[in-house]
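Colleague: This is the structure, below, for whatever I ask next.
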Amino acid sequence: MEVILSTLINGLSLGGIYAMIALGYTMVYGIAKMLNFAHGDIIMVGGYVIYVSMALGNPLLAILFAVVFCVLLGMTIEKIAYKPLRGASPLAVLITAIGVSYLLQSLAQIIFGSASKMVTVYEFGMVQFLGVNVQVSALVTLGITVVVMIALTLFVKCTRLGRAMIAVSEDKGAAQLMGINVNGIITVTFAIGSALAALAGLFYLLKAPSISNTLGAMPGIKAFTAAVIGGIGSIPGAMLGGILLGVVECISYKITAIAPYTDAIEFSILIIILLVRPTGFLGKKRREKV
Amino acid sequence: MIKFKSIKWNHYINYVVIGLFTLIFGIIALCGGRFDNSMLFLFEKIAISVILALSLSLVVGFLGELSLGHAGFMCVGAYIGGKLAVLLEPVIGDGVLSLILGLIVGGLAAAICGVIIGIPALRLRGDYLAIVTLAFGEIVKSLFQNTSSESFGGALGLETPRFNKNYLFIFAFLLVLLTLAVIQNFIRSRHGRAVTAIRDNEIAARACGINVTKYKLLAFTISAFFAGIAGVLYSFSNYTVQSAKFGYNYSIEILVMVVLGGMGSINGSIIAAALITFLNTKLATVLTGDLAVLQNLLYAVILIIIVIYNNAPALKRFREKYNFSALFDRLLKHRKDPEHPTDDRAKWDVVPTKIEMNEVLSVDVKAQNLDPNREKGGKR
Amino acid sequence: MADYILETKNLGISFGGLKAAQDVNIRIKKNQIYGLIGPNGAGKTTIFNLLTGVYKPTTGTFFLDGENLCGLSQDKINHKGIARTFQNIRLFNNMTVIRNVMVGLHSQPDNPSTVWDAIFRFPRHFRAERLMRERAKELLRIFDLEEERNNLACNLPYGKQRKLEIARALATEPKLLLLDEPAAGMNPHETEDLEKTIRFIRDHFDMTILLIEHDMKFVSGLCDSITVLNFGTVLAEGKTKETLRDPEVIRAYIGG
């Protein structure tokens, strides 16, 4: 029982991280209609910024720096690498995103070397929660993700900017005719996505205090998977997919017999779900008119 | 009877170039000439890349489906073919026969996976298919990683028999020729036309009586078969097979070759694959020690610049003024008789990474929230 | 030989609760040019999609030359003899004009070249290719497109794209040709030209044609009989001239 509960809490917390990253994928996809393959590497950049700015001694300041840096980085990448290709084929943008991903990874390698660095943001320790011992960091992660997701949902639903984002994702042309600054909206989307990725970087450091230049690669792919499971382009879908994937991963790790196959299991779930529901759980489907 | 003079030599120039290359170096090797080991390795690597790029271009360039799991097929081929060679070694020795058997079996095993992955391709499109192929590659990788050391070597990798290094590259180039022949012949036939028709307009292709299911599966199967062959070749060239090598990064590397070569251009894929592999290997030897990290950086920067240069709408006028690709076309293609079947080159945008079904950021917004007048009114 | 080349029986389909087509009965005799008209959203293209297998009907069935084709896949229906064009032109844009037509010739029964024939370049492949090329050229000649055969389809002017789409549909050697708004976007001169072409197709290919059109002058000049659809149901049918004078039909078009 205790094992189940603690696994569930860990799973929810990991799922929260995945959801956080998946939101970045899904929002950028919904609005700019592109797969931002470099998104996972923003997590890594966020981690390194925290690593560097921990020299100041204040964890909160370090986190703030990381978020601001990643937001600026996300906007810069969008401006330099993706904006010139607006209107070009989606495949070209995809390849550029892959290039950006390589670029970030190799830059990090040049600056910080390929050996992983240790960084402790804050020592949380363990706590009794509902009768089981859990990592405080897991609870903190879970708490922050819940708050961020509620905030994001409210933002998209209730603010003018959020509604403009939905309008752009529905129909870019029409939104532009209605006087919405489409380029501005896309930049904002990248900024939000990057901020979420920076937070995800923080959570990874709380989970395991080491960082290398490939930190973001696998979480990026997993979160992408989560976004697709939930139905790419759908914000609640990204949350749902992320949490599902996180819980599955933690459960699978707990069962010795299948633990080594965790990755395979997660990706198999993706394939099965897509075969049953070709647009994920909450993805919208529009039939091509004949 | 086919008249000899009706054969258009310039349509077969790619065979001639690769054939001559093989012949010259093959003769030198068979006459007892010895090459530098690094050179042999480079040859093998180039051959493997070209086979991979050719086979992927069938799916991406001609069928128009985005695949991010090509390395998965290669992985299956490498392990199954390599394992067979290991098993056969005590029986028939590490000779040509075990190599050939390994190639056939490895290719077939990958082809079976191609059929399996082709089935979702019938239901999914664009990004959704891309993520499924990516997932497939990762699944294969993870499965082989966790095998026991007696079966496929697990994380340590599978050791394959040592084939005589001096001749392996000849085999590799012969396989390039075979791949080229099969894929080019397939494309330049009514079947290839059916595949390109599906790429250009699936609905119209169906209305023209084309069995889309059959051709999609066929394209995926052929493509996977040759990826498997490249995998077997890799296992022989590398002595060990480690599944970590076949992650999505490798699949993307192959995709980059196909895309930079020009979608749906066979010769372009060959040239891009050979060039990228050559440059990568050379950079790795030039940039040693502390400079080694620069290799990835250079690769990334060059990739971004090439793609933006080739595709940015703002640079269109500039591109037309300094048109390198037209120069390329003039060298490779035949302007005199365009009637003869050649490759149907496609523009970049034929591969839908964006699905036709429109995705939408959805948070259950009520319709009135999207009232355009409110947006507009707020702006004033 | 059945009495009618196409006969639909209570054909209908509903999407969710919406009945896009309901109890549609159409009977077309051989060599007729038959019109399917109706206001926007009346379900005309839906009927085409049902007849070509894009949608599976929820009720009813249809027969081509006495053979029940209901429920077959799109390519099978095409092999059985129904070919179509599309309202918004759907060509293979990155392929040349002649190859567009050759795709149409893909499934000819006398074209036995298999994948193996193609890969190993057996004589059968070359024979098939030569045959297809010649037939395609012939079709292009008929439609006055021979000059442009090596241009990309997307570079053709609009009118020629329409013609190419018809040529491609004819290449599949159908018994029944469905034309979805063939005159849309054409000027009067081009429309006149098209009228001649369609008549020529009927006579030269011994073809039966079912077409959707909004241009009433075009329809009354070309079609012997018509069916008028409104809200997915048949409003009227019969000889063109009389049906167009039907007060119900006039009300459906003008409103009121």
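The values are calculated or read from the model by the stated rules, or taken from the named source; none is laboratory data. These numbers were taken from a predicted model, which means no experiment stands behind them. Cβ: placed from backbone, ideal geometry, glycine included. Neighbour counts: every protein chain shown.
Colleague: Sort through A:Val148, A:Val68, A:Val52 and tell me the only one that's under 19 Å from A:Pro209 (Cβ atoms), more than 14 Å from every other protein chain (Cβ to nearest Cβ) and assigned to a helix (DSSP H, G or I).
Modeller: Answer to the check: A:Val52.
Colleague: Same structure, new question: Go through (1) modelled with pLDDT under 90; (2) within 16 Å of B:Gly209 (Cα to Cα) one by one and return the number of the condition C:Asn94 breaks.
Modeller: (2)
Colleague: To continue, here is another question. So, B:Phe136, is that one touching a residue at least 60 places away in the same chain (Cβ under 8 Å), crowded, with 21+ Cβ neighbours inside 10 Å and either at the interface with chain C (Cβ under 10 Å from one of its Cβ atoms) or in contact with a Phe, Trp or Tyr (Cβ under 7 Å, 6 or more places away or on another chain) (or both) or not?
Modeller: No.
Colleague: Going residue by residue through segment A:117-134, is there one that turns out to be surrounded by fewer than 12 Cβ atoms within 10 Å (Cβ to Cβ) and either within 14 Å of chain B (Cβ to nearest Cβ) or part of a helix (DSSP H, G or I) (or both)?
Modeller: no
Colleague: Being among the small types (Gly, Ala, Ser), assigned by TED's automatic domain parsing to the domain that holds C:Glu195, surrounded by fewer than 22 Cβ atoms within 10 Å (Cβ to Cβ) and touching a Ser or Thr at 6+ places or on another chain (Cβ under 7 Å), is that true of even one residue in segment C:70-81?
Modeller: No, the conditions are met nowhere in segment C:70-81.
Colleague: Which of the following residues is free of Cβ contacts under 8 Å to residues at least 24 places away in the same chain and within 12 Å of chain C (Cβ to nearest Cβ): B:Ile187, B:Ile203?
Modeller: None of the other options fit; the residue is B:Ile203.
Quick grid of which residues meet (1) among the aromatic types (Phe, Trp, Tyr); (2) buried (at least 22 other Cβ atoms within 10 Å of the Cβ); (3) closer than 30 Å to B:Ile24 by Cβ:
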site	(1), (2), (3)
B:Gly154	no, no, no
B:Ala181	no, no, yes
B:Cys208	no, yes, no
B:Ala227	no, yes, yes
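Colleague: Follow-up question, since we're still on this one. Out of curiosity, is B:Phe246 over 18 Å from B:Ala53 (Cβ atoms), in contact with a helix residue (DSSP H, G or I) (Cβ under 7 Å, 6 or more places away or on another chain), more than 14 Å from chain C (Cβ to nearest Cβ) and aromatic (Phe, Trp, Tyr)?
Modeller: So B:Phe246 fails the test.
Colleague: Let me ask something else about it. Could you please let me know if A:Ile111 is facing another protein chain (nearest Cβ under 10 Å), assigned to a helix (DSSP H, G or I) and in contact with a helix residue (DSSP H, G or I) (Cβ under 7 Å, 6 or more places away or on another chain)?
Modeller: So A:Ile111 does not fit the description; no.
Colleague: Something else: Exactly one condition in (1) in a helix (DSSP H, G or I); (2) buried (at least 16 other Cβ atoms within 10 Å of the Cβ); (3) touching a Leu at 6+ places or on another chain (Cβ under 9 Å) is false for B:Lys245; which is it?
Modeller: (3)
Colleague: Condition check: part of a helix (DSSP H, G or I) and surrounded by 24 or more Cβ atoms within 10 Å (Cβ to Cβ). Does B:Leu54 satisfy that?
Modeller: Details: part of a helix (DSSP H, G or I): yes; surrounded by 24 or more Cβ atoms within 10 Å (Cβ to Cβ): yes.
Judged against the criteria, B:Leu54 is a match.
Residue-by-condition table, conditions (1) more than 8 Å from chain B (Cβ to nearest Cβ); (2) crowded, with 20+ Cβ neighbours inside 10 Å; (3) acidic (Asp, Glu):
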{"position": "A:Ile80", "(1), (2), (3)": "yes, no, no"}
{"position": "A:Ala88", "(1), (2), (3)": "no, yes, no"}
{"position": "A:Ala97", "(1), (2), (3)": "yes, yes, no"}
{"position": "A:Val140", "(1), (2), (3)": "yes, no, no"}
{"position": "A:Ile144", "(1), (2), (3)": "yes, no, no"}
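Colleague: Can you name the residue in segment B:176-230 that is hydroxyl-bearing (Ser, Thr, Tyr) and assigned to a helix (DSSP H, G or I) and, of all such residues, is farthest from B:Phe43 (Cα to Cα)?
Modeller: Ranking the candidates gives B:Thr213 first.
Colleague: Let me ask you something else. Can you tell me which residue among C:Asn78, C:Asn93, C:Asn68, C:Asn88 is under 19 Å from B:Arg206 (Cβ atoms), free of Cβ contacts under 8 Å to residues at least 12 places away in the same chain and under 22 Å from the mean Cα position of the chain (by Cα)?
Modeller: C:Asn88
Colleague: Here's something else I'd like to know. Can you tell which of B:Ile100, B:Ile80 is free of Cβ contacts under 8 Å to residues at least 60 places away in the same chain, hydrophobic (A, V, I, L, M, F, W, C) and assigned to a helix (DSSP H, G or I)?
Modeller: Every option except B:Ile100 fails the conditions.
Colleague: Residue under question is C:Val115, and the condition is that it be buried (at least 21 other Cβ atoms within 10 Å of the Cβ), among the β-branched types (Val, Ile, Thr), in contact with a helix residue (DSSP H, G or I) (Cβ under 7 Å, 6 or more places away or on another chain) and within 14 Å of chain B (Cβ to nearest Cβ); does it hold?
Modeller: no
Colleague: Another one. Do we have any residue at all in segment A:251-262 that's hydroxyl-bearing (Ser, Thr, Tyr), facing chain B (nearest Cβ under 9 Å) and closer than 21 Å to A:Thr145 by Cα?
Modeller: Taking every residue of segment A:251-262 in turn, none turns out to be hydroxyl-bearing (Ser, Thr, Tyr), facing chain B (nearest Cβ under 9 Å) and closer than 21 Å to A:Thr145 by Cα.
Colleague: Say we look at segment A:151-164 and pick out the residues that are under 14 Å from A:Leu23 (Cα atoms) and touching a residue at least 12 places away in the same chain (Cβ under 8 Å); which of these is farthest from the other protein chains (Cβ to nearest Cβ)?
Modeller: The residue in question is A:Leu152.
Colleague: Same structure again: Give B:Gly114, B:Gly82 a once-over and let me know the one that is within 30 Å of A:Leu274 (Cβ to Cβ) and surrounded by 24 or more Cβ atoms within 10 Å (Cβ to Cβ).
Modeller: Within the list B:Gly114, B:Gly82, the selection yields B:Gly114.
Colleague: Being crowded, with 18+ Cβ neighbours inside 10 Å and within 11 Å of chain B (Cβ to nearest Cβ) is the filter here; which residues of segment C:137-150 pass it?
Modeller: Residue satisfying the conditions is C:Arg149 alone.
Colleague: Of the residues B:Val176, B:Val212, B:Val182, which single one is closer than 18 Å to B:Asn267 by Cβ, among the β-branched types (Val, Ile, Thr) and within 9 Å of another protein chain (Cβ to nearest Cβ)?
Modeller: Going through B:Val176, B:Val212, B:Val182 in turn, just one is closer than 18 Å to B:Asn267 by Cβ, among the β-branched types (Val, Ile, Thr) and within 9 Å of another protein chain (Cβ to nearest Cβ): B:Val182.
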